[in-house]
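Trainee: One structure, as structure tokens, below. Some questions next.
Read-outs throughout are calculated quantities, based only on the coordinates presented, and are distinct from any laboratory measurement. For clarity, every value in this text was computed on a predicted model and none was experimentally measured. With ideal geometry, Cβ positions are generated from the backbone for all residues, glycine too; neighbour counts draw on all protein chains shown.
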Amino acid sequence: MRRKLILSTSSQLEGYQITEYLDVVFGEAIVGANIFRDLLASVRDIVGGRSGAYEAELRKAREIALSELEQAALARGADAVIGIDVDYETVGQGNMLMVTASGTAVKASRVY
């Protein structure tokens, strides 16, 4: 069974005591957008609609980056990752999207 980590944007974990700070961990994902979706997204942007294609790519990239961050923390024996920050950037001519996630892998024990 796969161990589940606690992932948090905060620097504290309610109900837990951080016992050891292990390392800063990262996850990255770069996804390319299909040219036809780009064209449709441009048209939607002009008429003021939402771009479902870009939203789906963004969601996929974020999930990949957070999954990689989690795997990096598990490899270090962490119980949680705190202080998570997710950043978004376009790469190249704006036809690729890069998502990076970073945080601090920690050991934590439940406080009763």
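Trainee: According to a simple spin-label model (label point 7 Å from Cα along Cα-to-Cβ), what is the distance in nm between Lys107 and Tyr21?
Mentor: That separation, rounded to one decimal, is 1.6 nm.
Trainee: Follow-up. For the peptides 54-65, 82-93, 100-111, what is the packing order when you average, over each peptide's residues, the other Cβ atoms within 10 Å and list the highest mean first?
Mentor: Per-residue Cβ counts within 10 Å, averaged per peptide and sorted highest first, yield 100-111, 54-65, 82-93.
Trainee: Next question, about the same structure. Quick one: what are the phi-derived ³J(HN,Hα) couplings along the stretch 96-112, Karplus 6.51/-1.76/1.60 with θ = phi - 60°, whole Hz, x for glycine and proline?
Mentor: Going residue by residue, I get 10, 10, 10, 10, 10, 10, 9, x, 10, 6, 9, 9, 9, 10, 5, 9, 9 Hz, with x marking Gly and Pro.
Trainee: Then there's this: Along Cα→Cβ, 7 Å out, is where each label goes; now give me the distance between the ones at Glu89 and Glu14 in nm to one decimal.
Mentor: 3.4
Trainee: Now, a different point. Taking a spot 7 Å from the Cα of Arg76 along the direction of its beta carbon, which residues of the stretch 82-105 have an amide N less than 19 Å from it?
Mentor: Under cut-off, by backbone N: 82-87, 100-105.
Trainee: Continuing with the same structure: Cβ neighbours within 10 Å, averaged per peptide: list 5-11, 68-74 in order, most packed at the top.
Mentor: 68-74, 5-11
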